[in-house]
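Below is one structure, written out as structure tokens; comments come after it.
The values are calculated or read from the model by the stated rules, or taken from the named source; none is laboratory data. Quick caveat: nothing in here was measured; it's all calculated off a predicted structure. Heads up, the Cβs are rebuilt from the backbone with ideal geometry, glycines too, and the neighbour counts pull from every protein chain shown. Areas reflect the complete protein model, heavy atoms only, side chains present, ligands, DNA and RNA absent. Shrake-Rupley method; radii C 1.70, N 1.55, O 1.52, S 1.80 Å.
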Amino acid sequence: MGDSAPIYDDKSEVRTELDLTSAEWQRYGAGRRRDRHVEVAFVEHTDGVVYTVMRSSADTAGPVLVFTPAEWDAFTRGILAGEFDQEKRSAPDPSAD
């Protein structure tokens, strides 16, 4: 595999300082079964920035992803543009011929 770039966690300090105890978690399809859903919350940090946090409803004590406002905007734009659609990911690459 060779050398890889070092991993830099630019939000490690933010992640440890976010207070998630009063986070108001939201999920898509709230009336559906509670397992295996993505939940998001918007949490203000002491630096005044509101970060978006994401977790799995199946493991609420598990890992939490933290997005800056710009990262969340890019992520949601990608969703709306269909960048994560299963059909697009599994389609053969026409340039591979």
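The table below gives the values:
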| quantity | calculated |
| --- | --- |
| Filtered residues of region 59-81 (kept if open to solvent by 50 Å² or more (accessible area, probe 1.4 Å), under 17 Å from E17 (Cβ atoms) and not in a helix (DSSP H, G or I)) | P63, L65 |
| Of all residues in region 13-58 being polar (S, T, N, Q) and open to solvent by less than 60 Å² (accessible area, probe 1.4 Å), the one that is modelled with the lowest pLDDT | S57 |
